[in-house]
Amino acid sequence: MQAKKPSLKNLRHVLLIEDNVDHAELLTELVDKYASPVVVHAVETFADAVKYLSKTTYDFIFTAGTVRGESILLHVDRLLELAAGAPFTVITGSGNERLAADLTKRGITEYLVKSRETLEAIPALIQKMLGMRKHRATPPRRLRPKERGPKATEKTLHKDILRMTTLAENLLKKTVRRKSQTAFDKDVRQLCKNLLRVQTLFFPES
């Protein structure tokens, strides 16, 4: 009998930020064993971690305290923002109570020092983080300006069309009456601005 293939619906994603190859391989093996089915993305710089976090939603994240000479403190706020609530564990080579308190205050889930005891605790930690992710409430999605609802868009469009109509009439009057060039140029710029606003509403990607 063939083994059942894991459902893509239940597939988990884990980000590992570690520049020590041996440590990265060990953590990957543990994640593969205790969080399966899982895809592990291992990166060796915080810059690469930012790129991956910008494209993928992760179930939890492991990071070293220092990567390529850079401290996690320099990047933690940006990483946590992109992690969008995913449990985030720092595993460092040396303990620092002040650093641990600072990182925990900023939102890091766990701060651990590399040791045999820590290694033995990883399986339980993985299960804990998976449970945290499962029960985390999803924050309401905020609409961007270009994603306004139909009523808001209709009102804005109506106002812009009225402004353009008024400006166009004024431009015709000023052209006939030969008003000052400065006033004329100002109205032309405003008309172009409103035209661009209407274009943005109808063609947000253009």
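The values are calculated or read from the model by the stated rules, or taken from the named source; none is laboratory data. These numbers were taken from a predicted model, which means no experiment stands behind them. Neighbour counts are summed over all protein chains in view; Cβ atoms, including those assigned to glycine, are modelled from backbone coordinates with ideal geometry.
Numerical summary
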read-out	value
Residue count for region 10-66, restricted to those that are among the hydroxyl-bearing types (Ser, Thr, Tyr), surrounded by fewer than 14 Cβ atoms within 10 Å (Cβ to Cβ) and not in a helix (DSSP H, G or I)	3
Cross-chain or 6+ apart pairs with Cβ under 6 Å, region 28-50 first and more than 18 Å from Arg78 (Cα to Cα) and assigned by TED's automatic domain parsing to the domain that holds Ala83, then buried (at least 17 other Cβ atoms within 10 Å of the Cβ) and of a type in the set (Lys, Arg)	Ala35/Arg12; Val38/Arg12
Residue match in region 143-159 (condition: touching a Ser or Thr at 6+ places or on another chain (Cβ under 8 Å), modelled with pLDDT under 90 and farther than 30 Å from Thr66 by Cβ)	yes
Residue check, Arg98 over 23 Å from the mean Cα position of the chain (by Cα) and among the charged types (D, E, K, R)	yes
Members of region 67-116 that are closer than 18 Å to Tyr52 by Cα and assigned to a helix (DSSP H, G or I)	Ile72, Leu74, Val76, Asp77, Arg78, Leu79, Leu80, Glu81, Leu82, Ala83
Qualifying residue in region 121-129 (condition: surrounded by fewer than 19 Cβ atoms within 10 Å (Cβ to Cβ), in contact with a helix residue (DSSP H, G or I) (Cβ under 8 Å, 6 or more places away or on another chain), assigned by TED's automatic domain parsing to the domain that holds Thr28 and not aliphatic (A, V, I, L, M))	yes
